[in-house]
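Here's the structure, in structure tokens; my notes come after.
What follows draws every value from the coordinates through simple rules; no lab data is involved. These numbers come from a predicted model, not from an experiment. We place every Cβ from the backbone using ideal geometry, glycine too, and count neighbours over all the protein chains shown.
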Amino acid sequence: MISVEQHLSRIMGTVKVIRPFELGVLDAQGCVLAEDITARGSLPGFTNSAMDGYAVHAADVASATPEDPVVLPVVNDIAAGNTHALSLAQGQTMRIMTGAPMPRGADAVVPVEATDGGVVRVQVRQRSVVGQHVREAGEDVEAGDVVLRRGTLLGPGQIALLAAAGIARLKVVPRPRVVVLSTGDELVQVGLTPGFGQIVDSNSVMISAAVTAVGATPFRVGGVKDDARELMDTLEGQLVRADAIITTGGVSMGAFDTVKEVLSRVGTVQFDKVAMRPGMPQGFGLLGDEQVPVFTLPGNPVSALVSFHVFVAPALRAMAGRPEPSYPPGYVPAVASEPFTSVPGKMEFLRVVLDGDSARLAGGQGSHMLGALAAADALAVIPEDVTSVQAGDAIECLPLLGREGL
């Protein structure tokens with residue numbers, strides 16, 4: 001039997017960052033930059049108004065007050081999108097909309113709220129200073145500036161900056177493509193009523209959802225029968241589109257554990273008993289000419305999802321160019337609100353509900369109990385050398401994907 005740390009270390013020492021390639025800017029959301037990005041133009045690209053109001057020479061309205069307003073003739077209107085260069089003479093004003101280019105000579109904008117809103121002549125009731133409510137060209141980004149560095153994870157804000165900076169295509173580490181399949185003669189597709197001795201294939205749906213939550217792209221194959229030839233054919237057929245493969249079921253010591261039977265004979269897949277509960281039977285290795293990582297997880301749903309969080313999620317993040325800190329990744333401190341017990345010699349992962357920094361059991365802890373799993377926010381991680389936790393003891397928790405921040 002090996003430790004959780006040993007199995008994770010083997011995985012993290014084997015997986016590699018996916019080869020970068022070029023994508024369109026919108027398709028790159030959720031990916032990691034593989035190059036520094038330089039702005040092709042300045043932001044803003046021209047000096048413009050930050051308010052709806054009146055473009056003025058600040059000196060013309062320096063004395064304006066509500067009691068003694070300055071009256072100026074309105075000689076033009078400037079809408080956002082105006083492409084004509086305009087000039088403003090001393091003693092005049094132009095109505096201007098937010099984002100519209102400032103006329104040459106104007107050096108301030110009086111908000112419409114500080115006027116009577118006139119369209120022929122306007123009463124300015126508030127003094128302005130040079131630069132007030134004006135966005136200067138290049139004040140955000142200058143042409144040639146490095147706006148994003150290699151290794152940046154691209155979210156909506158970064159995508160907006162790239163688009164505004166004139167970047168239509170860029171080189172990124174792509175989101176891993178992950179094939180998800182489950183095994184077992186007992187499985188029926190979601191939506192069908194299982195017969196006697198059958199169960200719904202919730203594992204492939206659950207793991208596909210977890211793959212999405214970790215920022216990768218799942219390809220759900222669904223249930224594969226306990227037949228060695230069918231499983232081998234399925235795996236070989238999926239290698240062409242897979243950066244990684246995840247299987248659930250068939251990795252224990254049973255007579256029909258087909259995944260273990262098939263993969264023990266090919267590639268470099270190694271099967272181990274890992275000192276953890278739930279999730280003791282684990283397998284990992286590489287398949288095919290492209291050396292695609294394959295993760296073989298237990299068939300019990302809680303065991304499968306715990307295994308995904310502990311072993312697969314860190315690996316997929318690393319493959320996507322987002323390496324995590326050393327083990328344990330992403331853990332948060334909490335305080336036990338009730339006593340917990342744990343078996344000696346195994347790292348225990350208990351489903352808990354977090355209330356602030358307090359953790360309580362989510363319900364039954366059996367590896368088949370989906371109700372308690374759905375109610376949980378996190379996994380309380382009890383080390384191998386701890387057999388009991390008392391109320392008030394400090395513990396570490398691993399937030400469940402999709403439940404962070406609840």
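Once you put a point 7 Å from the Cα of residue 80 and another 7 Å from the Cα of residue 370, both along the Cβ direction, what distance in nm separates them?
Placing both labels 7 Å along Cα→Cβ, they lie 4.7 nm apart.
Points 7 angstrom from Cα along the Cβ direction at residue 270 and residue 143: gap in nanometres?
So the two model labels end up 5.7 nm from each other.
Among 133, 84, 7, what is the fewest-to-most ranking by other Cβ atoms within 10 Å?
By the 10 Å Cβ count, ascending, the order reads 84, 133, 7.
When only Cα pairs under 8 Å and 6 or more residues apart are kept, what is the percent relative contact order across the stretch 48-135?
Once divided by the residue count of the stretch 48-135, the mean separation gives 44 percent.
Given 0.36 nm per residue, what is the gain on full extension from residue 104 to residue 213 after removing their alpha carbon distance, in nm?
In short, 34.1 nm is gained.
Can you match volume of the Cα convex hull per residue in Å³ to one of these, (i) 203; (ii) 149; (iii) 185, based on a calculation from the structure here?
After the calculation, the listed value that fits is (i).
Considering all alpha-carbon pairs of the stretch 48-135, what whole percent are spaced by more than 23 angstrom?
Value for the stretch 48-135 (Cα pairs over 23 Å): 8 percent.
Would you mind counting up the charge near residue 125? Only other residues with Cβ under 12 Å from its Cβ, with Lys and Arg at +1 and Asp and Glu at -1.
-3
Work out the FRET efficiency for residue 261 and residue 192 from their Cβ-Cβ distance, taking R0 = 25 Å, and round it to the nearest 0.05. If you can, show how the numbers build up before the last one.
Numbers: r = 27 Å, r/R0 = 1.08.
E(calc), rounded to 0.05, equals 0.40.
Taking the Cβ of residue 389 as the centre, find all other residues whose Cβ is under 13 Å away and add up their charges (Lys, Arg: +1; Asp, Glu: -1).
Details: positive: 360; negative: 338, 348, 385, 393, 396.
For residues surrounding residue 389, the net value is -4.
I want the local charge near residue 112. Using Cβ-Cβ distances under 12 Å, sum +1 for each Lys or Arg and -1 for each Asp or Glu among the other residues. Before the final figure, lay out the partial values.
Details: positive: 95, 125; negative: 52, 113, 116.
Overall, the nearby charge balance is -1.
Does a label point 7 Å from the Cα of residue 200, set along Cα-to-beta-carbon, have any residues of the stretch 341-362 with amide nitrogen under 15 Å, and which are they?
No residue qualifies, since no backbone N sits under 15 Å from the label point.
Which of the chymotrypsin sites (Phe, Trp or Tyr not before Pro) found in the stretch 1-107 are in a DSSP loop and have at most 15 neighbouring Cβ atoms, other than their own, within 10 Å?
46
Which trypsin sites (Lys or Arg not before Pro) in the stretch 107-215 sit in a loop by DSSP (not H, G, I, E or B) and have at most 12 other Cβ atoms within 10 Å of their own Cβ? Please list the in-between numbers first.
Working: sites: 121, 125, 127, 135, 149, 150, 169, 171, 177; in loops: 125, 127, 149, 150.
Sites meeting the loop and neighbour criteria: 149.
Per 0.36 nm of contour for each residue apart, how much would the distance between residue 233 and residue 22 grow if the chain were fully extended, relative to their Cα-Cα spacing?
72.8 nm
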